[in-house]
Amino acid sequence: MGLLDVLDRLEALLEKERLAIRSIDAARVVAIADEKLSLLEVLRGGDWASAEEARRRFRALVPSLRENGVLLLHARNTSRDLVHALTSTRASTYDAAGVAVVAVTGRRVSLDA
């Protein structure tokens with residue numbers, strides 16, 4: 001498979017990855033990451049010296065690679081914040097006997113990508 005073929009597959013895969021991230025489909029994101037890694041290994045071993053078109057196409061994919069990386073970071077941070085919000089407790093009020101009543105710290109969490 002030539003570099004341009006791999007880049008075609010990678011470009012299509014990045015769109016699928018973006019949709020999987022936005023739909024919070026973790027299993028699909030992991031599967032895509034594995035496939036993306038395989039494609040990047042092929043690109044790593046390619047003959048780039050005589051492939052000006054492939055170099056141009058790869059440079060054009062860099063913004064999409066970055067965008068998906070940012071989406072993944074936001075998804076990770078949102079998940080971490082949600083777990084923290086659900087597990088963090090603090091004494092915020094007291095009942096009539098003076099015993100602390102534990103309440104979960106309130107947070108707003110957006111799952112929109």
inquiry  = So, in the range 19-32, exactly how many residues are closer than 15 Å to residue 65 by Cα and either of a type in the set (S, T, N, Q) or surrounded by 15 or more Cβ atoms within 10 Å (Cβ to Cβ) (or both)?
reply    = 4
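Do you know which of the residues in the range 85-103 that are hydrophobic (A, V, I, L, M, F, W, C) and in a strand (DSSP E or B) is modelled with the lowest pLDDT? Explain how you work it out, then say what you get.
Residues of the range 85-103 that are hydrophobic (A, V, I, L, M, F, W, C), as a first pass: 85-86, 91, 96-97, 99-103.
Next, from what is left, pick out any that are in a strand (DSSP E or B): 91, 100-103.
Working: 91: 53, 100: 70, 101: 67, 102: 60, 103: 58.
The extreme case among them is 91.
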ask   = Consider residue 11 against the criteria (1) over 13 Å from the mean Cα position of the chain (by Cα); (2) outside any helix (DSSP H, G or I): it satisfies all of them except one. Which criterion is unmet?
value = (2)
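For the range 40-80, how many residues are of a type in the set (Ser, Thr, Tyr), in contact (Cβ under 8 Å) with a residue 24 or more places away in the chain and farther than 16 Å from residue 7 by Cα? Can you show your working first?
We begin by selecting, within the range 40-80, every residue of a type in the set (Ser, Thr, Tyr); these are 50, 64, 78-79.
Applying the additional criterion that residues be in contact (Cβ under 8 Å) with a residue 24 or more places away in the chain yields 64, 78.
The next check asks that each one be farther than 16 Å from residue 7 by Cα; those that pass are 78.
Selection size over the range 40-80: 1.
Restricting the search to the range 14-61, which residues are among the polar types (S, T, N, Q) and under 12 Å from the mean Cα position of the chain (by Cα)?
In the first step, residues of the range 14-61 are kept if they are among the polar types (S, T, N, Q); the result is 23, 38, 50.
Scanning the range 14-61 gives a single hit, 23.
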request  = With respect to residue 59, determine if the residue is in a helix (DSSP H, G or I), surrounded by 11 or more Cβ atoms within 10 Å (Cβ to Cβ) and either of a type in the set (Val, Ile, Thr) or at pLDDT 95 or above (or both).
outcome  = no
request  = Among the residues of the range 29-56, write down those that are assigned to a helix (DSSP H, G or I) and not charged (D, E, K, R).
outcome  = 29, 30, 31, 32, 33, 37, 38, 39, 40, 42, 43, 54
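The values are calculated or read from the model by the stated rules, or taken from the named source; none is laboratory data. Since this is a predicted model, take the numbers as computed values, not measurements. Positions of Cβ are generated from backbone atoms using ideal geometry, with glycine treated the same way; all protein chains shown enter the neighbour counts.
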